[in-house]
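Below: one structure, written as structure tokens.
The values are calculated or read from the model by the stated rules, or taken from the named source; none is laboratory data. None of these values were measured; they are calculated from a predicted model. Ideal geometry is used to build each Cβ from the backbone, glycine not excepted, and the neighbour counts take in all protein chains shown.
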Amino acid sequence: MSERPDSLITVLDVGSGHIRVLVADLNDGALRYRGHGIVAAAGMRKGLIADLQPAIQAITKAANLAETSAQCTVEQCVVGIGGPHVRGVNSRGGITLGSRLREISREDVRAAVDRARSVSLPPDREVLHLLPQQFILDEQPGIHDPVGMVGNRLEVNLHISTCSGSASQSVITCANRAGLEVTETVFEAIAAAEATISADERELGVCVLDIGAGSSELAVFFEGSVAHTAVIPIGGDHFTNDLAVGLHVPVQEAEMLKCRYGHAVVTSVSQEAEIELQGIQGYAPRMVRQRLLSEILEPRARELFHLLRENLRQGGVLEAMGAGCVVTGGGSRLPGLLEVAESLLRVPARIGYPVPLSRMPQEIVQPEFAATVGMLLYTHRTRIMRAAEDQGLRAKLRAMFAGSL
């Protein structure tokens, strides 16, 4: 079935655990679910592509499943970027508009942002996002959109999200070789926030922690803007590997035990409860206390949120979480994790479920799909903003030519 390219939005989430492709279309200006494809990840290690060919095959398979589900041809996609190589930095810069007061144009805003972004980055770093926090017009702070206002000097506080150029290019190369043209890249924590937090939470201050398989991406919002982004190098696979080593069982069994019997708070598990371990092939099954799982999982959970707390403190945003912490991603499913988060961060915590799109099946409205659904919402919102800017520019050009006749 052929579709106009601009009516479809396809997103690709290349994770350490799964490859997800999600397709939506525009129906009367609103997003509507069309289909999806999910396969087990291949060629991935710690959130990065380690082997191109298996990764390409996995992406191709997920894209084919999505095409069959959506009954359309997928040619372009937006790709999520995550992993320990992503870093954020704050910058400030501005421009002088002249000796006389004049009206701020969209071009002036772009010039101020360009001045603020001119920070020295290592050769391999690429800019993922330029996120204005606030504009300052003639020393008046707290302005979100200065276009149309009048002043002499325009400055901007800017958050710059960067990633490894080689790491992001590896993902783009795999997508291209799988037959998908990459039109945009999005930091996964910002995408997850798009699907899980409200405008009130953004204003009060909130930390979104997206716990993936290989790492946990985070974004902090304050007064409506991104204040901080970072990555904690701990994900769900670390919990699973701890169980595999501590219980002497294969990784697949450790994952099953974590999902079925795991808990991040030892005291919440009965001392009498026991479970059977199949263990490594060739060894007899054995019984262990269920509490033993929590004794292994709790230290890792506490380490995750201790590292998060230190990261937020170093970023100067630990006290900026008036609305608390939203934990999402597949790793957020571990029972007791919110209790650990609240005890170490000293703020309320909740699990972030993505906003359901029209016709979206319930299996997609789960924490592990927060970043994937968020990429759809983010792409839709940015397209609307760009279209509005282009429309305004065309109207201005028409007025200029009309005035010169």
Answer with yes or no whether V206 is under 11 Å from the mean Cα position of the chain (by Cα), at pLDDT 95 or above and crowded, with 24+ Cβ neighbours inside 10 Å. no
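Of all residues in segment 271-287 being in contact with a helix residue (DSSP H, G or I) (Cβ under 7 Å, 6 or more places away or on another chain) and outside any loop (DSSP other than H, G, I, E, B), which is nearest to L344 (Cα to Cα)?
Kept after step one, since they are in contact with a helix residue (DSSP H, G or I) (Cβ under 7 Å, 6 or more places away or on another chain), are these residues of segment 271-287: 271, 275, 277-278.
Okay, now just the ones that are also outside any loop (DSSP other than H, G, I, E, B), so 275, 277.
Numbers: I275: 30, L277: 32 Å.
Checking each candidate, the answer is I275.
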Selection from segment 162-203 of residues over 24 Å from R383 (Cα atoms), of a type in the set (A, V, I, L, M) and either touching a Leu at 6+ places or on another chain (Cβ under 6 Å) or crowded, with 24+ Cβ neighbours inside 10 Å (or both) yields A167
Looking only at segment 357-389, how many residues end up being closer than 12 Å to T328 by Cβ, touching a residue at least 40 places away in the same chain (Cβ under 8 Å) and surrounded by fewer than 18 Cβ atoms within 10 Å (Cβ to Cβ)? 0
Checklist (1) hydroxyl-bearing (S, T, Y); (2) in contact with a Leu (Cβ under 7 Å, 6 or more places away or on another chain); (3) within 22 Å of I232 (Cβ to Cβ) applied to S16, failing item: (2)
So, in segment 249-270, exactly how many residues are hydrophobic (A, V, I, L, M, F, W, C), without any contact (Cβ under 8 Å) to a residue 60 or more places away in the chain and assigned to a helix (DSSP H, G or I)? 5
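Kindly state which helices (runs of 4 or more DSSP H) lie completely within segment 129-204 and contain at least 2 residues that are in contact (Cβ under 8 Å) with a residue 40 or more places away in the chain, more than 19 Å from L218 (Cβ to Cβ) and in contact with a helix residue (DSSP H, G or I) (Cβ under 9 Å, 6 or more places away or on another chain).
On the way: elements: 165-177, 188-196, 199-204.
Answer list for segment 129-204: 165-177.
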From the list Q76, Q53, which one is closer than 23 Å to V186 by Cα, surrounded by fewer than 18 Cβ atoms within 10 Å (Cβ to Cβ) and either polar (S, T, N, Q) or at pLDDT 95 or above (or both)? Q76
If a residue must be within 29 Å of the chain's Cα centre (by Cα) and over 23 Å from E389 (Cα atoms), how many such residues does segment 84-133 contain? 18
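Please indicate, with yes or no, whether at least one residue in segment 245-254 is charged (D, E, K, R), modelled with pLDDT of 95 or more and either farther than 18 Å from A320 by Cα or over 22 Å from the mean Cα position of the chain (by Cα) (or both).
Step one: list which residues in segment 245-254 are charged (D, E, K, R), which gives 253.
Next, only the ones that are modelled with pLDDT of 95 or more stay: 253.
Then drop every residue that is not either farther than 18 Å from A320 by Cα or over 22 Å from the mean Cα position of the chain (by Cα) (or both), which leaves 253.
Yes, some residue in segment 245-254 is charged (D, E, K, R), modelled with pLDDT of 95 or more and either farther than 18 Å from A320 by Cα or over 22 Å from the mean Cα position of the chain (by Cα) (or both).
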The lone exception for A178 - which of (1) out of contact with any Gly (no Cβ under 9 Å at 6 or more places or on another chain); (2) farther than 30 Å from K46 by Cβ it fails: (2)
Out of (1) surrounded by 13 or more Cβ atoms within 10 Å (Cβ to Cβ); (2) at pLDDT below 95, the one P285 does not meet is (1)
Can you tell me which residue among Q271, Q278, Q314 is under 25 Å from I232 (Cβ atoms) and surrounded by fewer than 16 Cβ atoms within 10 Å (Cβ to Cβ)? Q314
